[in-house]
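**Q** Before anything else, here's the structure in question.
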Amino acid sequence: MKRASFLVVALLAAPAAAEVPECRALTGGAKSVADHLLTTEHPYDCCDGTIADCLKRSPACPLASRLAAFVCRRAASGQDRDTIHRAIERRAVSMMPGTKRHAFDLAAIPSAGSPAAKVKLVVFLCPRCPVCSKLGPDLYREVTTGRLAGKVTLHCRVFPVKSHPGSAEAGRAIAAAARIGKFWEFMLHAFREFDRYSPDALPGWAAAVGIERAAFDAAVADPATQAALVEAKKEGIRAGVEATPALFIDGRRWHGDMDVETLVDVLEEAGVAP
């Protein structure tokens, strides 16, 4: 009886899912996982039915197609039903209309990408966080020359985390570079050299991005540099940041996965939302 019920579910899902490229190629267990989820999970906006039902809706529900692709990509990677279900829940908590928005003084935060972009992404990164060292450059590349160019402005706050050795010294060096107008150059260089970090390396990193030693030393020693770093940290704490990376999409805290493909997807979703 269970097998017969599942076959009905799969047949109902198949015609709609076939219109989504990521779902079309699924076979075997991955297809079974995706079909189940498409006929039981609901979009968090634009349609009240299941994802499969909403794919058939006219006019179309763009979020249904986006979520179907999200489900099928994860099924293809071998994730099980429960893992994908939890990923959908975290995405919904972050993206659904009415989610709490935090206010940031964007003018005071170093930015990358088009200033006119519709979507504003605020990211808190620790310079000695291994995940940040990969995600930060990936996001910078996407908003400057990649899929999010012209769509998203990236604003970055330095948020040293005590459990990351060297974060305070590296954070102050980046804050000093920011005061000289070399925030992104220094930050990206620090991430490229992540595995070769030492406090003694910081002046050399500054020189590598075009900062004169005297100017760098003066900025590091200036109490205003430490004050700026403390304010960035306080701003994160006020927004509930405890660990890095921490992302806010148009002020909404992102609770989902931190892989760049998922983030590009949700940032594009934010860009087409009313």
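Residues checked against (1) surrounded by 21 or more Cβ atoms within 10 Å (Cβ to Cβ); (2) within 15 Å of E268 (Cβ to Cβ); (3) touching a residue at least 24 places away in the same chain (Cβ under 8 Å); (4) not polar (S, T, N, Q):
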site	(1), (2), (3), (4)
C61	yes, no, no, yes
F70	yes, yes, yes, yes
A92	no, no, yes, yes
H102	no, no, yes, yes
A107	no, no, no, yes
L125	yes, no, yes, yes
L148	yes, yes, yes, yes
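One line per residue, one yes/no per condition, for (1) aromatic (F, W, Y); (2) surrounded by 14 or more Cβ atoms within 10 Å (Cβ to Cβ); (3) more than 22 Å from the chain's Cα centre (by Cα):
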{"site": "T153", "(1), (2), (3)": "no, yes, no"}
{"site": "A173", "(1), (2), (3)": "no, yes, yes"}
{"site": "A176", "(1), (2), (3)": "no, yes, yes"}
{"site": "K182", "(1), (2), (3)": "no, yes, yes"}
{"site": "H189", "(1), (2), (3)": "no, yes, no"}
{"site": "S198", "(1), (2), (3)": "no, no, yes"}
{"site": "F216", "(1), (2), (3)": "yes, yes, yes"}
{"site": "A219", "(1), (2), (3)": "no, yes, yes"}
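**Q** List pairs: first residue in the range 14-39 and at negative phi, second residue modelled with pLDDT under 95 and β-branched (V, I, T) anywhere in the structure, Cβ distance under 6 angstrom, at least six positions apart or on different chains.
**A** Filtered contacts from the range 14-39: T39/V9.
**Q** Further question: Here is a list: D257, D217, D222. Which entry is out of contact with any His (no Cβ under 9 Å at 6 or more places or on another chain) and under 26 Å from R141 (Cβ atoms)? Full working, then the answer.
**A** Values: D217 fails: under 26 Å from R141 (Cβ atoms); D222 fails: under 26 Å from R141 (Cβ atoms).
Criteria check complete, one pass: D257.
**Q** Can you tell me which residues in the range 137-167 are in a loop (DSSP other than H, G, I, E, B) and hydrophobic (A, V, I, L, M, F, W, C)?
**A** L148, A149, F159, V161
**Q** Here's another thing I want to ask about it. With respect to P160, determine if the residue is modelled with pLDDT of 95 or more, buried (at least 21 other Cβ atoms within 10 Å of the Cβ) and within 23 Å of W205 (Cβ to Cβ).
**A** Values: modelled with pLDDT of 95 or more: yes; buried (at least 21 other Cβ atoms within 10 Å of the Cβ): yes; within 23 Å of W205 (Cβ to Cβ): yes.
Taking the combined requirement at face value, the residue satisfies it.
**Q** Among the residues of the range 178-195, write down those that are hydrophobic (A, V, I, L, M, F, W, C) and over 18 Å from A228 (Cα atoms).
**A** L188, A190, F191, F194
**Q** Within the group V260, V266, V241, V230, which residue is among the aliphatic types (A, V, I, L, M) and closer than 18 Å to L63 by Cα?
**A** Result: V266 is the single residue among V260, V266, V241, V230 that is among the aliphatic types (A, V, I, L, M) and closer than 18 Å to L63 by Cα.
The values are calculated or read from the model by the stated rules, or taken from the named source; none is laboratory data. In this text the structure is predicted, and so the values were computed from the model without any measurement. Here Cβ is always computed from backbone atoms with ideal geometry, including for glycine, and neighbour counts include all displayed protein chains.
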